[in-house]
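Heads up: the structure comes next, in structure tokens.
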Amino acid sequence: MDKLTVLGAGLAGSECAWQLAKRGIHVKLIEMKPGKMTPAHRSPSFAELVCSNSLRSDELTNAVGLLKAEMRAMDSLIMASADANKVAAGGALAVDREGFSKYITDKLISHKNIEYVSAEATEIPDGEVVIATGPLSSDKIADKIAELCPDSDLHFYDAVAPIVTLESVDMDSAFFASRYGKGTADYVNCPMDKDEYLAFVQELAHAREAQVHGFDDGGVFEGCMPVEVMARRGTDTLRYGPLKPVGLVDPRTGRENYAVVQLRRDNADGTIYNMVGFQTHLTWGEQKRVFSMIPALRNAEFVRYGVMHRNTYLNSPRLLDRYYRLRSDPRISFAGQMTGVEGYVESAASGMLVGIETAARVLGMEPVDFPQETATGALSLYVSGGSVGDFQPMNINFGIISPLGYRVKGKRNKNAEISRRSLEIIESLKKKEVFHCEDNN
């Protein structure tokens, strides 16, 4: 067959190219570095870690730890490099940046089924192609990607609100309702009395903001005001904005509260909820500290903290299927952060899935169809349609993985059981033909 083209040799593109090449598929890997660099990149090597050198928790009681375990079970190049180049970091998996990227670059460049081309991609090639050019794609390829997207389906997001798990919300301090009783009671409402509200606003107004990275857009805050900025503009600003209590009658008292934080369902299963109107540029630690002052969120589990920066991503639920293929033109697949996955590991995992499923398709084999009981499948199913409302980028979390269906006492025990089930499923999926067509020459 003709070469399959992968655009971009970041985490997703590198993993995708590896999964394809090891199954005997010839890959043309096009990467614009080192000839052209973005403001975020410094190294000419593949799979550069532009921010932290941590791939986060390695524990199976953490969803990203489960995702890494699944990737290891499926011969992930990214995980092989991480394990070979790890540095001491307690329960987290952190790596030596240079060694990590060099390992991946050497493996790909030396593979007989990979043709590496150092050039800026300016067109989308004919034939099977995987686009993994990242959220900071060059203008020329970004324009070509935009041509594939109907109006409003390519986003340049400025703000993402924090997300919490529903089970961690103290429902003794909250209630379900919609404003003025319109429609069904879809929102979780977290009330505060006057003293609680004033203390919250005081801390919020003086909380520490995150450092702005050099490649962020300085105009990002225009038209998208962070919640902490609103708090600084006056004690009652939030009460007339996202925390307004009007039209929300507390069923416990029959009256409106002084202020109300609303949570809105963020996935179809209703297991995770976002904080309405809480775009923020606070550090993650400050978000945890200050937002936990809201009585119903005192013990909240944050599966994603709020961020404010400019990245390009697709409206994937409208555009992509569970294999990250473009519904309107299935020869084109996407992988990495542009699809709406958030984080190093998640980006690599999307590339892994695209590589495996694309190999199955071009080799005439049945798809793997990773189910929602696995972290790999849950992420792709969320990105391709499991979210509701405005789609926003997402880290892997247990909230988007199918629940057990039976009770396990204790959060850590429950998460460990979800991981055990998932890894058993992965082992059963590995019996499929696509996992036994490795190129052994």
Notebook entry, point to check: With 84, 63, 94 as the choices, which residue is closer than 30 Å to residue 413 by Cα and out of contact with any helix residue (DSSP H, G or I) (no Cβ under 8 Å at 6 or more places or on another chain)?
Noted result: 94
Item checked: Top-ranked residue of region 96-118 - restricted to ones that are over 18 Å from residue 52 (Cβ atoms) and among the aliphatic types (A, V, I, L, M), ranked as most open to solvent (accessible area, probe 1.4 Å) -> 109
Notebook entry, point to check: Residues 50, 6: which one is more than 30 Å from residue 413 (Cβ to Cβ), of a type in the set (Val, Ile, Thr) and out of contact with any strand residue (DSSP E or B) (no Cβ under 7 Å at 6 or more places or on another chain)?
Noted result: 50
Check: If you go through region 257-265 one residue at a time, do you hit one that is part of a strand (DSSP E or B), of a type in the set (D, E, K, R) and in contact with a Phe, Trp or Tyr (Cβ under 9 Å, 6 or more places away or on another chain)?
Finding: yes
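Look through region 284-325, keep the residues that are of a type in the set (A, V, I, L, M, F, W, C) and open to solvent by 10 Å² or more (accessible area, probe 1.4 Å), and return whichever of them is farthest from residue 354 (Cα to Cα).
Selected residue: 293.
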Margin query: Condition (residue is without any contact (Cβ under 8 Å) to a residue 12 or more places away in the chain and either open to solvent by 50 Å² or more (accessible area, probe 1.4 Å) or hydrophobic (A, V, I, L, M, F, W, C) (or both)) applied to region 120-129: is it met by at least one residue?
Written below: yes
Item checked: Any hit, region 178-188, residues being without any contact (Cβ under 8 Å) to a residue 12 or more places away in the chain, closer than 30 Å to residue 286 by Cβ and open to solvent by 50 Å² or more (accessible area, probe 1.4 Å) -> no
Item checked: Which listed residue is out of contact with any Phe, Trp or Tyr (no Cβ under 8 Å at 6 or more places or on another chain) and open to solvent by less than 50 Å² (accessible area, probe 1.4 Å), from 37, 74, 32 -> 32
Note to self: Given the options 218, 214, 254, 241, name the one that is open to solvent by less than 30 Å² (accessible area, probe 1.4 Å), out of contact with any Phe, Trp or Tyr (no Cβ under 9 Å at 6 or more places or on another chain) and modelled with pLDDT under 95.
What the structure shows: 241
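The values are calculated or read from the model by the stated rules, or taken from the named source; none is laboratory data. Predicted, not measured: the structure shown is a model, and the values here were computed from it. Note: ideal-geometry Cβ built from the backbone for every residue, glycine included; neighbour counts use all protein chains shown. All accessible areas refer to the heavy atoms of the entire protein, side chains included, with ligands and DNA or RNA removed. Shrake-Rupley method; radii C 1.70, N 1.55, O 1.52, S 1.80 Å.
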